[in-house]
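As structure tokens, the structure follows; a few thoughts come after it.
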Amino acid sequence: MTTNVRTPWTAGLLAALVLVVSGVAVAAEAPPRLVSVSGSGEVKAQPDMASVTLGVEARNPSLAEARAQVNATVDRVLALTRDLKIDPKLVDSTRLQVQPEYRWDEKTSQQVLLGYLVSRQVDIELRDLDRLGALLEKAVSAGVNQVGGARLDSSRRKELEREALARAVEDARLNADALARAAGAKLGPVQSLSAAGAMPFRPMYAEKAMVAAAPPAGDAEQTYTPSEMKFTASVSAQYALLEP
């Protein structure tokens, strides 16, 4: 009768052989074949809302007088928003700045107070673009002396961003499929996917982006033509390459 006796030395040798065999098997395994691609997508849409900033500035030796002039104009602007039936929740008139102005007196080597510059801004979110012309023109008539171009936006922003991303993913898949076929392989499942995000392009109004400090002649309102908004997205992806 034969008895197998496994000494610590033989046990260690067997373990080492198992590791070597396993290492050879791992080394012999071919690395996965991948194709790396990028994709882009774009979605166009008409804007349906705008953000408008109306500014009022007044200079006066008296701080009280400068503040009173600015507040009177802002009150007229707020009345205008009510006349245009703009929701008060979409109107913010809390931004107020007061800046003293000085000149340097060479004789006394001191600063001399000239007066005060008081400025206030009214931020309006406009949900009806048909009222934009009336808002800008009548605001100037009310005394607003700083009007920036309308910043266009869409109430469907999230939906449009996701649509642009979906198109970018489809573009990446088509690019990967073209590369796979050119290489004589078959496109497998996606292995990794990352997105750079959807970036909106916000145009100003094409016809008139800024309003002058004086109202236009006559009662006719200016024509405002909104441009299309573009939402673009880009993605990077890796796909497996399979045998045809």
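Take the conditions assigned to a strand (DSSP E or B), modelled with pLDDT under 95, among the charged types (D, E, K, R) and under 30 Å from L132 (Cα atoms) and apply them to K230. Does it pass?
yes
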What is the residue count in segment 137-155 for residues that are out of contact with any helix residue (DSSP H, G or I) (no Cβ under 7 Å at 6 or more places or on another chain) and either within 21 Å of Q69 (Cα to Cα) or modelled with pLDDT of 95 or more (or both)? 6
So, A134, is that one outside any loop (DSSP other than H, G, I, E, B), at pLDDT below 95 and surrounded by fewer than 20 Cβ atoms within 10 Å (Cβ to Cβ) or not? yes
Name every residue in segment 184-197 that is touching a residue at least 60 places away in the same chain (Cβ under 8 Å) and either assigned by TED's automatic domain parsing to the domain that holds A139 or in contact with a strand residue (DSSP E or B) (Cβ under 7 Å, 6 or more places away or on another chain) (or both), in order of residue number. A185, L187, Q191
Look at segment 102-136 and say how many of its residues are closer than 24 Å to Q69 by Cβ, without any contact (Cβ under 8 Å) to a residue 60 or more places away in the chain and β-branched (V, I, T). 1
Unique match (being small (G, A, S) and in a strand (DSSP E or B)) among A79, A68, A50, A72: A50
Residues of segment 155-165 that turn out to be under 12 Å from the mean Cα position of the chain (by Cα) and under 15 Å from E228 (Cβ atoms), as a count: 1
Going through segment 84-99 in order, the residues found to be in contact (Cβ under 8 Å) with a residue 24 or more places away in the chain and either closer than 18 Å to T73 by Cβ or part of a strand (DSSP E or B) (or both) are L84, I86, V91, D92, S93, R95, L96, V98
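The values are calculated or read from the model by the stated rules, or taken from the named source; none is laboratory data. None of these values were measured; they are calculated from a predicted model. Reconstructed Cβ throughout: ideal geometry from the backbone, glycine too, with neighbour counts over all protein chains shown.
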